[in-house]
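One structure is given below, encoded as structure tokens.
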Amino acid sequence: MSDATEPTADGRDRLLAAISRYQVPIGILLLVGLLRPVIAHDALLGSSYIATSMLIWMLFAAAFNLLYGYSGLLSFGHAIFLGTGIYGVAIGLRHFDLPYLVAAPIGVIVAGLIAYGIARLIVGYGEIYFAMLTLAFAEAIHFVVNADPFGLTGGADGLRSGTTPAWIESFRGQSVVQLGGGEFDLYYFVAIVFVLASLALWQIVRSPFGRTLVAIRDNEELARAMGISTARYQVWAFTLSGIFSAIAGTLLVIRNSGASLENFGMMTGAEVILMSIFGGMSYFFGPIAGAFSWFFAREYLTNLEMVAVPLLGTVDVGPILGYWRFFFGFLFVVVIVLSPREGLWGFVRSIADRVRRRLTEVIRE
């Protein structure tokens, strides 16, 4: 009897080990498969329109967290790289008639070069100076884009016309990709890029390079004593983070059908910081959860108008919930107080672990 059951038990253990080892890739695939239909449910947003933007900002937040969560360096200027990806595509399509598949890599490469140059200048000055210098660079580049050099950026008006690839068409507010004689929603194109970029980020953070970044973050002096060139690792972390942020930008430009000066603004850089901290810097899925929460709160609260309240009947809450940032800020404070570094993702995981342990105890009893 034992001989018959042992292979089954071994097979189950191997399956569980494989799931545990590849839980991030599995989670990424489940995310892109379930996000659109889930938020389109009538009990939630009732529309899938925002799903594409969610995926793009999830990628941006995950790219930012490669620097902040895994390296311990805070950048206030990551809008530089998102904006470079956006404007790289917009300028290439509008002014030089480049195909999207040429303009997008150029934008990503330029963003990587900018990130590398900035990192070489500011890495090594300490965390506070690093953060302030990234903000200074962001303000400087924002000024340059606003000045509309050589008539390329459009200044404060940005770039709108001529910035959408010919193989993308808009129909009743939905963007449709037309390739190979067929057509499909833009969400699926973004989902493919999101999966590939997220898997690449996952490979980076689990590689010896990523493990070294964590060691530097936890104790930079000890890492130096072990012979690790901390500055070199931080430079490349900043560069890679900028590259993946630019990839998100190359998607956002076709999602928004243009480039806007606010893409280089301080609020863009601040929002991705809040998403990462709220979701949980210590986890790969933390910033992704933070980006989802940000967009879901914004869409759900701003579209909620009438609520049934006991003893009061139906109350119009639209004018109040229009200030959705206040309510999100309150939730942000609660999560950070309860789980300072773990964030929302860590908080939910801790609750799930407690429930699982309790159920295991009950089953064994």
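Quick notes
- For segment 343-358, the Karplus equation 6.51 cos²θ - 1.76 cosθ + 1.60, evaluated at θ = phi - 60°, returns couplings of x, 4, 4, x, 5, 5, 4, 5, 5, 4, 5, 5, 5, 5, 5, 5 Hz by residue, with Gly and Pro reported as x.
- Of 207, 71, the order by accessible heavy-atom surface (1.4 Å probe, DNA, RNA and ligands excluded), from most exposed downward, is 207, 71.
- Listed residues 325, 341, 217, most fluctuating in the chain (Gaussian network, C-alpha, under 10 Å): 325
- Using C-alpha pairs below 8 Å separated by at least 6 residues, the relative contact order for the chain is 25 percent.
- Highest-fluctuation residue, 32, 108, 348 considered, GNM on the chain with Cα pairs under 10 Å: 348
- Point-charge dipole on Cβ atoms (K/R +1, D/E -1) for the chain, about Cα centre, debye to 20: 580
- The chain: most fluctuating residue of 210, 280, 182 per GNM, C-alpha cutoff 10 Å: 182
- For the chain, with all protein chains in place and a probe radius of 1.4 Å, 64% of the accessible heavy-atom surface sits on carbon or sulfur.
The values are calculated or read from the model by the stated rules, or taken from the named source; none is laboratory data. Since the model is a prediction, treat every value here as computed from it, not as a measurement. With ideal geometry, Cβ positions are generated from the backbone for all residues, glycine too; neighbour counts draw on all protein chains shown. Ligands, DNA and RNA are stripped out before the accessible areas are found, and what is left, the full protein with its side chains, is counted by its heavy atoms. Shrake-Rupley method; radii C 1.70, N 1.55, O 1.52, S 1.80 Å.
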